[in-house]
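Everything on this sheet refers to the single structure shown next.
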DNA sequence: CTTGACGTTGACGTAAACGTAAAGCACTAT
DNA sequence: ATAGTGCTTTACGTTTACGTCAACGTCAAG
């Protein structure tokens, strides 16, 4: 909208970094939301001076956060989950802990899977009844 | 725990009604939660004098509410959804409205279905990598 | 008739997830 | 030099979904 020619925009200079405005728009959230996630430790963008610089890693995390939200997880729990992906995994104890966590999460997700499937099924059944009613209204 | 013999408990006298304590325990929520749902118009138990009397209908609604919550829907939205099931459906306009709503909900739910499936898949992939790491630690 | 056990209505408190100014820096375009 | 655009922090406000007393009603048992 403003001049967009010939100037070195702070944007794709590096080709792989983004400003807060760019990620906010891309993921359809506000700056405030993005910063809030940072406050809670869900993302930690680089700082160039005072400004935040977002990398691919941050965007990956953001999409994980938003999916987690769509699934109804609280942000704190989302943090522990996506932190899992970046966990050390060096020692055996660590790996076994991580595998345990994975199992917990899967159990949870499978419950949600059933919930969604049930809800969709009920909706389908309900739609059928409505269409029946509609059909009866037609050929009176 | 207290005396449980020979007295007409307020419970299954009618065989099909429940007290707030009973439904609360059955669904593993507090009285406060149940009353909160009533305040928001999600359930509307019968009143016998000042006391609330819950019927099968209320329990059905409660389970729908709790599933909706597990799926991350806000209570207000849950209300409009489950109210849909009890909507009049008499006139054609009503039926078409309801069918439209059903479609909106289904779209939403199908998004969530994809989200859950993706999340489970990613978790599986991640577990595989962890097991690989663990295997490498084994036969050193 | 008093004591529980259970139920009721306020009403204030709280945690989560942001919204919404307010006020100030940094750059650069005119 | 100044205005504009974008980013920053600080901080109080708001909504949702209940938690947590407080204070009182009721009914059967001892």
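The values are calculated or read from the model by the stated rules, or taken from the named source; none is laboratory data. For clarity, every value in this text was computed on a predicted model and none was experimentally measured. Note that we place each Cβ from the backbone using ideal geometry, even for glycine, and neighbour counts take in every protein chain shown.
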Do we have residue B:87 as closer than 27 Å to residue B:38 by Cβ and either without any contact (Cβ under 8 Å) to a residue 12 or more places away in the chain or in the same structural domain as residue B:62 (by TED's automatic domain parsing) (or both) here? yes
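List the helices (runs of 4 or more DSSP H) inside the stretch B:23-140, counting only whole elements, that have at least 1 residues being away from every other protein chain (no Cβ under 11 Å) and either surrounded by 17 or more Cβ atoms within 10 Å (Cβ to Cβ) or under 23 Å from the mean Cα position of the chain (by Cα) (or both). Can you show your working first?
Working: elements: B:31-39, B:56-70, B:75-85, B:92-138.
Correct list: B:31-39, B:56-70, B:75-85.
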For the stretch B:25-42, what are the residues that are closer than 22 Å to residue B:77 by Cα and within 12 Å of DNA strand C (Cβ to nearest atom)? B:30, B:31, B:32, B:33, B:34, B:35, B:36, B:38, B:39
Looking for something within 11 Å of DNA strand D (Cβ to nearest atom), at pLDDT 95 or above and out of contact with any strand residue (DSSP E or B) (no Cβ under 9 Å at 6 or more places or on another chain) - is there at least one such residue anywhere in the stretch B:6-22? no
